[in-house]
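I have placed the structure first, in the form of structure tokens, so that the comments after it can refer back to it.
The values are calculated or read from the model by the stated rules, or taken from the named source; none is laboratory data. As the structure is a prediction and not an experimental result, all values here were calculated from the model. When we count neighbours, we look across all protein chains shown, and the Cβ atoms used for this are built from the backbone with ideal geometry, even at glycine. Ligands, DNA and RNA are excluded from the accessible area calculation, which covers all protein heavy atoms including side chains. Shrake-Rupley method; radii C 1.70, N 1.55, O 1.52, S 1.80 Å.
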Amino acid sequence: MYSTICIVSQAGNCYLYDFVKKELRPCHPLIHVCCRLDREQQLDTVHSVAESQGYAPADIEFYRGKYDFLKSQGWFSSLHRGEFVKYDAQAVKECLSNVRQVVFEVTDGCNLQCAYCANRELYNMHAPVHNTKMTFDTVKGVIDYLAPLWSSGLNKSSMKKVVIGFYGGEPLLNFPLIEKSVAYCKSLHLPTRSLGYNMTTNAMLLDKYIDFLAENEFNITISLDGDEEGQSYRVDAKGNNSFHKVYHTLKNIQKTYPEFWEKCISFNSVLHNRNSVERTHKFIYEEFGKVPEIHAMNNSGVRPEKQQKFNEMYVPYIKSVQEGNDDLLKERFMSDPRMFNLAQILLWYGDNQFFDNESFLYYEKPALHAKTGTCFPFSRKIYITAEGKIMVCERIAHHYALGNVVDGKVLLDLEKAADTYNEYNARMYQQCGNCYLINGCHQCIFQLNGLYTGTQVCKMYQTESDMVDYLQFYVDLLESREFEFGKIFKEAVLS
């Protein structure tokens, strides 16, 4: 593997990108010629080769010297990657002490039977649904476990906001627990933390409990797939479309609580073969004044026998966006996957990322190492299932649980959790060790089929040729000036 790759844009401009230096710089085509011949151990033929391509001898001599200078400065070197970062119990404890979200699956039961739900027949990610309702002992046990960590010396913030999330199933089916949990959180004295609340709901019961949710300033994400046809996969136990009930409930809340609506309500939509990005976006924006988050159906953990049905329903996001009108991309600028990926590239492939004041003031370039896009355990959230399993995220299969909450007591072996991550990373290293997606991998290994059994194959693996094509696409995007890129620097927040 080489530290430097050569990129040629569609406009014919030449660039070098170096993974160690994290620099992208324009260069003369003769630098590319020198690089290719050097790798073929034929650099001494550069004059004859370049002259045959029409370059003047003086230019060849100049850029051959420039190539040698760049090489002396570390460009075009071999790329030697170390082992994966090793997790340990202390690192896991630090993450728990600074966790951003604590999410409770207050019930795995639901009053809808959405065809693409992760808990239903298309997927094998989760345990069978038993309509289990979480008890207050579990919520209290987790909060009581985390509170001393938040007040410990491992806390890195003087007053950090932690979001307490209520998830399902449909969380409002267990509203008494939500009410009791909020009351308990309000009773705590947390000198280094402020608490906020959020919820994702299908809105079927929202009219019944909206007074409490508004009073406590819940950030509420509404699951709505657009108009009546778009919503037709979200049906009740009798197969009835939930659209009309949800629509009228939301219109009433929009009218009754205008300030709360503006500040705290957002929408999330699933893309499938009965809606489109354009239709969904237009309907929700015109009816409710909101730009919805729209995501394609989850393509991980699909049951083999249901693959055909999944394929019939599945629509890729970018395909649906490109079928829309020209204004759609402007309105959904930061929801365009190309813009999101470009923002990630500017973050991870640039030499100016800082994660705290200390790293900004005393910058030292980090050592290069293999890594996946998997979060440090509990660095973003801790997720507790209705059955008391302790997870790092709601998006991964339950057999990756790292602990349990039993009778209100948290059973979480931090050393074992770290060892588990190290073991899974070891399974990935043979593939990751030679992958060029070194600085910006965003593949969570827990969403790879077969990781649990050791038969995983990473779909994000990048050869040098793949990486050249990958970066060229975004170089072309930047050169085209098709978008207002200032928005990325002013508005993009990657969390």
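General remarks:
- Solvent-free Debye scattering, log10 I(q)/I(0), computed from the Cα coordinates of the stretch 221-344 at q = 0.10 Å⁻¹: -0.35
- Contact order relative to length of the chain, as percent, for alpha carbon pairs under 8 angstrom and 6 or more apart: 19 percent
- Shown for the stretch 107-157: the carbon plus sulfur share of the solvent-accessible area, taken with all protein chains present and a 1.4 angstrom probe, equals 51%.
- Scaled against 2.2 N^0.38 Å for its residue count N, the alpha carbon radius of gyration of the stretch 97-243 is 1.16.
- 1.4 Å probe accessible area per residue over the stretch 381-464, in Å²: 45 Å²
- For residue 219, the residues 5 or more places off, or on other chains, whose built amide H falls under 5 Å of its own are 197, 198, 199.
- Inter-probe distance in nm under a simple model that places probes 7 Å from Cα toward Cβ, at residue 23 and residue 285: 4.2 nm
- The angle between the Cα long axis of helix 206-215 and the longest principal axis of the Cα atoms of the chain comes to about 70 degrees, rounded to the nearest 10.
- Here the gap between residue 155 and residue 340, fully extended at 0.36 nm per residue and compared with their Cα-Cα distance, gives a gain of 63.6 nm.
- With Cα atoms, 0 to 90° folded angle of helix 29-39 axis to the chain main axis: 90 degrees
- A straight Cα-to-Cα reach below 16 Å connects residue 389 with the lysines 133, 140, 381, 409, 416, residues fewer than 8 places away in its own chain not being considered.
- Using the alpha carbons alone, the radius of gyration of the stretch 164-203 stands to its Kirkwood radius in an Rg to Rh ratio of 1.03.
- Solvent exposure of the stretch 107-212, expressed per residue, is 43 Å² of accessible area, with all protein chains present and a 1.4 angstrom probe.
- Taking a straight line from the alpha carbon of residue 22, these lysines sit under 20 Å away, with near neighbours fewer than eight places off in the same chain left out: 66, 71, 365, 371.
- J(HN,Hα) series, the stretch 313-319, from Karplus relation 6.51 cos²θ - 1.76 cosθ + 1.60, nearest Hz, glycine and proline x: 8, 6, 9, x, 4, 5, 5
- For residue 27, distant residues with modelled amide H under 5 Å away: 14, 15, 16
- Kirkwood radius, the stretch 378-485, all distinct C-alpha pairs, inverse of mean reciprocal distance: 16.6 Å.
- Of all lysines in the structure, the ones whose alpha carbon falls short of 21 Å from that of residue 251, not counting any fewer than 8 places away in one chain, are 208, 263, 282, 290.
- Prolate/oblate/rounded label for the stretch 1-61 (Cα gyration tensor, a/c 1.5): oblate
- Over the chain, equivalent-ellipsoid semi-axes from the Cα gyration tensor in Å: 46, 28, 22
- Of interest is the spacing of the C-alpha centroids, which for the stretch 45-111 and the stretch 381-422 amounts to 32 Å.
- With Cα atoms, 0 to 90° folded angle of helix 277-288 axis to the chain main axis: 50 degrees
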